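For reference, the structure discussed in these notes is given below.
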Amino acid sequence: MQLENKNPSPRVTTYTADVSICSQICRLAVHEHGLNNAEYVNVDIEYAMDNYEPWFVRMQPKMTVPVLKYEDEIVGDSRDIMLFLAEKHPDKVLYPTNQKSAIDSYINDFYSKFNFIGAFTFANLASRSEEMRKFIARSKREVSLQKLKKLAQDPEFKDLAAAKIQKIQRFDLLTMAESQDLKELDNVMRVLLDRMETDLSDGRPFLMGDSYTLADVVGTAYCARIHFIKGTELFSTQVLQYWKRMQSRLSFIAANVCAVWEDALMAKQFDAFVTTLAI
């Protein structure tokens with residue numbers, strides 16, 4: 001006689017991009033909440049620009065990753081996904097009531113720097129070579145506009161696509177990134193690292209104390225992005241030790257946290273792109 005499973009695992013699918021910092025937050029949150037059977041769908045936002053395909057826009061009109069499908073519910077935005085999962089799985093205690101204010105402070109601090117994180121990423125990448133500049137320009141402007149103009153031909157997406165086209169034409173990512181001073185961007189990124197260093201200086205293993213919380217989901221993704229670009233150059237003593245601890249967690253591997261350029265799908269796409277330039 002087969003016993004009925006009274007607590008079956010929910011059907012979970014995540015739509016994320018390999019190197020996207022918000023996608024990494026989503027994947028970490030999924031695994032830290034014990035949803036290890038989640039299905040992952042890769043949405044290429046660095047080369048093919050899958051986020052402008054009709055099937056994705058229909059699901060996420062903002063055309064951004066990540067997206068979480070939990071049973072029949074769809075949640076977009078990495079912050080909302082974290083809080084949604086914490087509500088669905090309170091037994092995992094990643095968002096304890098007595099620490100919500102402190103955790104929110106870390107989360108808000110991270111998201112307040114989101115534009116700087118993008119500038120830090122692409123300014124440093126673009127500074128590496130002219131080929132990298134062309135690679136970024138190709139995907140973030142040329143291919144994006146091509147796909148959006150095609151999308152705009154569909155009456156269902158006409159208005160959404162037109163608004164996105166205007167935004168891209170008005171706000172050029174590469175131009176914005178290259179207008180930034182690299183050392184100043186490092187200083188901006190150090191602000192949250194300094195806060196982490198101070199909090200960790202009392203010997204606590206995690207940002208909130210003895211237990212892993214949503215603050216560590218964000219903290220891990222933040223450290224991963226900095227390491228992806230600069231290695232451990234910006235890490236001070238306690239943050240470096242914290243980073244090593246976070247890498248040892250099972251969720252770090254399961255969530256495919258991308259912290260090294262060579263491991264990224266984007267790196268393989270860049271190599272393929274450079275080959276086309278030589279033809």
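What the table below lists for this structure:
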| item | result |
| --- | --- |
| Exposed-loop-free span, longest in the chain, where GluC sites (Glu not before Pro) count as exposed if DSSP calls them loop and at most 15 other C-beta atoms lie within 10 Å | 72-155 |
| ALA162/THR232 FRET efficiency (R0 51 Å; Cβ-Cβ; nearest 0.05) | 0.70 |
| Residue with peak Gaussian network fluctuation, the chain [Cα springs, cutoff 10 Å], from VAL218, VAL188, VAL67 | VAL188 |
| Computed E for GLN169/TYR40 - FRET, C-beta separation, R0 25 angstrom, nearest 0.05 | 0.15 |
| Within the stretch 238-279, backbone nitrogen closer than 17 Å to the virtual label 7 Å beyond the Cα of SER129 toward Cβ | 261-279 |
| Cut-off 13 Å between beta-carbons: net charge of the residues surrounding TRP243, Lys and Arg +1, Asp and Glu -1 | +2 |
| LYS244-ASP154 pseudo-label distance in nm [points 7 Å out on the Cα-to-Cβ vector] | 5.0 nm |
| Separation of alpha-carbon centers, the stretch 203-257 and the stretch 72-110, rounded to whole Å | 18 Å |
| Förster-model FRET efficiency, 35 Å R0, LYS92 and ALA278, C-beta, rounded to 0.05 | 0.10 |
| Over 24 Å between alpha carbons, listed pairs LYS134/LYS167; LYS62/LYS134; LYS62/LYS158 | LYS62/LYS134 |
| Proximal charge balance of ARG11 [Cβ under 11 Å; K/R count +1, D/E count -1] | -3 |
| Extension gain (nm, one decimal) between LYS268 and LYS100, 0.36 nm per residue minus Cα-Cα | 56.5 nm |
| Most positive-pole-ward Cα, ILE117, VAL260, ILE136, against dipole of the chain from beta carbon charges | ILE136 |
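Here, each number is a calculation from the coordinates, and none is a lab measurement. Not measured: the values here are computed from a predicted model. So basically every Cβ, Gly included, is an ideal-geometry build from the backbone, and we count neighbours across all protein chains shown.
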